[in-house]
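Just so it is clear, none of the values below were taken in a lab; they were calculated from the coordinates. What you see is a predicted model, and the numbers here were worked out from it, not measured in a lab.
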Amino acid sequence: MFPKEIDKMGNILKNIVIIGIVFAIPVIILIPFLLNNNYSILYSMIIVYPNGLLMVAIGIQFLKMFKSLEKNKPFTHKNVDILKRTGFLSFAMSFLWIIDLLIMVFVIKNTYINYIIVLLFLFILFFGVGIALWTLSLLWLQATEYKEENDLTI
């Protein structure tokens, strides 16, 4: 990619994260008042809020990575750590979604198959993203080591 395109993508991602945070604050404040029973409030605070915070953390990690791309220094150990951290955050999200699914099926005894399918899809999606990011971090590490070795020989 050309630096101009990277800069545009970084700005778009930065704006999305900022808009997400701006909308998340009123939602966090208003949802307990919109829900009628205390069980729903507790449930939403235990499962939905942490997933939202993890998603914001993933966005922030990618913002950090775009900053290094803007400086034309993509193959650094910092970016390897960012990819590993993002993969870990994705695994944490998949864990929360499977906990949500188990609570819905066994505790709340929700029989809406569409809701169960969506939760199962979210678990599989974020688990797969976690595997992909972890693998990408290992590839990025190898590319970083090759780059460092190449820089020493020149």
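Taking the listed residues Phe88, Phe66, Phe75, the one that is part of a loop (DSSP other than H, G, I, E, B) and of a type in the set (A, V, I, L, M, F, W, C) is Phe75, with no other qualifying.
Checked against the criteria, Leu138 counts as assigned to a helix (DSSP H, G or I) and more than 22 Å from Val56 (Cα to Cα).
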